[in-house]
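The values are calculated or read from the model by the stated rules, or taken from the named source; none is laboratory data. Everything numeric here is computed off the predicted structure, so don't read it as measured data. Because the Cβ atoms are built from the backbone with ideal geometry, glycine has one as well, and the counts that use them run over all protein chains shown.
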Amino acid sequence: MENPCWPPTYVATVAYGKEEFAELEIGDALYPLDPEIKVCRTTYGGLLLLKTFVTEETAVKTLLAAPPSTLRRFMKVLFCCEFTELLECLRRNAKLLSGFSYMRVSERSGVSYGRVAELLNSAGCGPSPVGGYILSVEPLGNVVCFTKQLLTFKNIS
């Protein structure tokens, strides 16, 4: 069966083991804005995909108004690349990455911070010396999604 959340609009990291509750909590928060929203669990614990037409600004305001208790990070997907075509994909999408000041990489599926930094450098993409957004790299099996981190919540539990 095809994933109803693909391609994703947003990626959310949530409290590990609370994925089902997080799926409902985040979905309920954004449902009034998009009754067609899709929130899907992945094979990676603590990681959800969202597909919605809700804009970054509206999603952030809504989630900040009543922060879901399980939400840790909320990120806008800039683009995703097949793992085998990562360098070519980064070159094609280099302009979408402009303005990041810091990068974090979820090291899973054989993707490491060092390798991503090397590929970004080869593609002519580098961090901005002036303040910008956090580029979060989220590997999902044979695909790697490059995201703009919008929200970060401290682990309260």
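Some points to look at:
- Among residues of region 122-143 being crowded, with 18+ Cβ neighbours inside 10 Å and touching a helix residue (DSSP H, G or I) at 6+ places or on another chain (Cβ under 6 Å), the one that is nearest to PHE79 (Cα to Cα) is VAL137.
- Some residue of region 72-84 being buried (at least 16 other Cβ atoms within 10 Å of the Cβ) and either farther than 28 Å from LEU120 by Cα or without any contact (Cβ under 8 Å) to a residue 24 or more places away in the chain (or both): no
- Some residue of region 85-104 being modelled with pLDDT of 95 or more, under 17 Å from the mean Cα position of the chain (by Cα) and under 18 Å from ALA12 (Cβ atoms): no
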